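The values are calculated or read from the model by the stated rules, or taken from the named source; none is laboratory data. Note that the structure is a prediction, hence the values are computed from the model and not measured. In this analysis, Cβ positions are derived from the backbone assuming ideal geometry, glycine residues included, and neighbour counts consider all displayed protein chains. Please note that ligands, DNA and RNA were not included when accessible areas were found on the heavy atoms of the full protein model with its side chains. Shrake-Rupley method; radii C 1.70, N 1.55, O 1.52, S 1.80 Å.
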Amino acid sequence: MSRIASVVVTPIAFRDPPLLNVSGIHEPWALRSIIEVVTEDGNYGLSESYGDEQTLTHLQKVAAILKGIDVFHLNELKTIVAEATASQSQQSGIELAPGTNQATTLPRVFAAFEVAFLDLIGKFTGRSVCDLLGGKVRDAVPYSAYLFYKYERHRFAQDDWIDAWGEVLTPDDVVRSARQMIDQYGFQSIKLKGGVFEPEQELEAIRSLREAFPEHPLRIDPNGGWTPETTRLLMPQMEGLLQYLEDPAPGKDGMAEVHQSASMPLATNMCVIGFFDFPEAIAKQSVDVILSDHHYWGGLQATRDLARICETWGLGLSMHSNSHLGISLMAMTHAAAAIDNLTYACDTHYPWQEEEIIVGGKIEFEHGSVRVPDAPGLGVELDRDALKQLARNYQECGIRSRNDVKEMQKYEPSWTGKAPRF
Ligand code: GKR
Ligand code: MG
């Protein structure tokens, strides 16, 4: 009954606003893949992962050889994925999406199926995925207001779609977009994506946020856009302002250098992106907080392993996000609800997305948190009409791998996306 009859991987595309970052700008469409694992008795398990060409090729290769596997046999799945991904292309994706870095191929491809297997195991046993991970340590998972600098509209898109968030370029715009997001979702923490403008301008925005939201913990993430020297000089301006400083400078050495003069915890989703990064990062004292992400750390169970390692080494744990829809949000929520030392509000790009592929539409936030469902599995079902529409978007949008640099070159032809810029 719990053996696999078929697996379907569907690439999808959904609207993405013109969000700015150190690499450039988001393209008009974000890509994901939806994985459906169907068992012999007709049950199905769901998962959502990256939709870039490199990931898709691996997902489709593995999907084709899973027939007959028992979904309880996650170790067997690991062996199959390891063999199928052993000869991988050398092509890495954009650095800002660590999930497309080839060092994460095995854990990333495994994770995409592991979540669907756990959804099915939950359905077979009548337990939520959170219960399979040890049960809830919290009933609802807090997320942060994840702010971006952005243009009002995509200037080079095929149609005139425009998002609801307006232009965000000045400190006042940043405060307005925070208010907009907090009013709508109730978030209790704020993160600003930096690395876009001169650091002084971005820190002015942080100071404006502090004034407007005196109680909300604040973070800034320049994605390695500042040199260690620049970061060191900025340190007095950040004193007492930040809950943590995320990836100010690139690499474990850059972060270690910053660490020597840092008055606040340093966090990363760029210089520690897998278990293999731990020995060097610990030896060099590069970071204090790791941003987990089950999509490339090897799944929901591996996220719990990561949590124990962080506990062992006295590191904090938070959660990273790229553009995603509700299946991912639910998987993130089940994991975060089961991990006691994940004490920071998680990142999510979810408010930036209008479309959804789950029954019932967009998932609701209450006071900035997502309630953990008690239903068997992930607790979400696929809206097949929406899936068809988003699969059509993928076929028509022409994007096959995320490339923020190339998109930015349409606006600024000499743009290189090289970091650190400041
Ligand atoms: O989508 O522009 C973006 C973000 O910069 C994302 O790609 C990062 O991976 O949000 C992420 C981060 O925390 O670094
Ligand atoms: Mg980050």
Just checking, does region 298-314 include any residue being within 16 Å of ligand 2 (Cβ to nearest atom), part of a loop (DSSP other than H, G, I, E, B) and surrounded by 24 or more Cβ atoms within 10 Å (Cβ to Cβ)? no
Give the number of residues within region 274-297 that are open to solvent by 10 Å² or more (accessible area, probe 1.4 Å), more than 24 Å from residue 334 (Cβ to Cβ) and not polar (S, T, N, Q). 10
Kindly establish whether residue 150 is in contact with a strand residue (DSSP E or B) (Cβ under 7 Å, 6 or more places away or on another chain) and assigned by TED's automatic domain parsing to the domain that holds residue 187. yes
Near pairs, Cβ below 9 angstrom, 6+ apart or cross-chain, from region 305-324 (farther than 25 Å from residue 17 by Cα) to any residue that is among the acidic types (Asp, Glu) and open to solvent by 10 Å² or more (accessible area, probe 1.4 Å): 307/340; 311/340; 314/288; 315/288; 316/288; 317/311
Residue selected from region 34-72 under the condition over 18 Å from residue 377 (Cα atoms) and of a type in the set (A, V, I, L, M, F, W, C), by the criterion surrounded by the most Cβ atoms within 10 Å (Cβ to Cβ): 59
Restricting to region 372-413, and then to whatever is open to solvent by less than 30 Å² (accessible area, probe 1.4 Å) and of a type in the set (Asp, Glu), can you tell me which residue is nearest to the chain's Cα centre (by Cα)? 404
Of all residues in region 25-65, how many are within 14 Å of ligand 1 (Cβ to nearest atom), in contact with a Ser or Thr (Cβ under 9 Å, 6 or more places away or on another chain) and part of a loop (DSSP other than H, G, I, E, B)? 3
Every residue from region 73-131 that is modelled with pLDDT of 95 or more, of a type in the set (S, T, N, Q) and either within 16 Å of ligand 1 (Cβ to nearest atom) or open to solvent by 20 Å² or more (accessible area, probe 1.4 Å) (or both): 75, 79, 125
Cβ-Cβ below 6 Å, separation at least six or inter-chain, first residue in region 116-129 and within 16 Å of residue 36 (Cα to Cα) and outside the structural domain of residue 333 (by TED's automatic domain parsing), second part of a helix (DSSP H, G or I) and among the β-branched types (Val, Ile, Thr): which pairs? 118/129; 122/129
(1) open to solvent by less than 10 Å² (accessible area, probe 1.4 Å); (2) under 18 Å from residue 108 (Cα atoms); (3) touching a Leu at 6+ places or on another chain (Cβ under 8 Å) all hold for residue 255 apart from (2)
Every residue from region 315-341 that is open to solvent by 10 Å² or more (accessible area, probe 1.4 Å), farther than 21 Å from residue 105 by Cα, not charged (D, E, K, R) and not in a helix (DSSP H, G or I): 315, 316, 338, 341
Which numbered condition residue 15 fails, given (1) at pLDDT 95 or above; (2) more than 30 Å from residue 415 (Cβ to Cβ); (3) buried (at least 16 other Cβ atoms within 10 Å of the Cβ): (2)
Go through the residues of region 188-200 one by one and say whether even a single one is open to solvent by less than 40 Å² (accessible area, probe 1.4 Å), within 16 Å of ligand 1 (Cβ to nearest atom) and of a type in the set (D, E, K, R). yes
Return a yes/no flag: does region 382-396 have any residue that is in a loop (DSSP other than H, G, I, E, B) and within 19 Å of residue 35 (Cβ to Cβ). yes
Would you check if there is a residue in region 155-176 being under 24 Å from residue 291 (Cβ atoms), under 24 Å from the mean Cα position of the chain (by Cα), touching a residue at least 12 places away in the same chain (Cβ under 8 Å) and open to solvent by 30 Å² or more (accessible area, probe 1.4 Å)? no
Among the residues of region 358-371, is any in a helix (DSSP H, G or I) and open to solvent by 10 Å² or more (accessible area, probe 1.4 Å)? no
Residues that are small (Gly, Ala, Ser) and within 16 Å of ligand 1 (Cβ to nearest atom), drawn from region 282-300: 286, 292
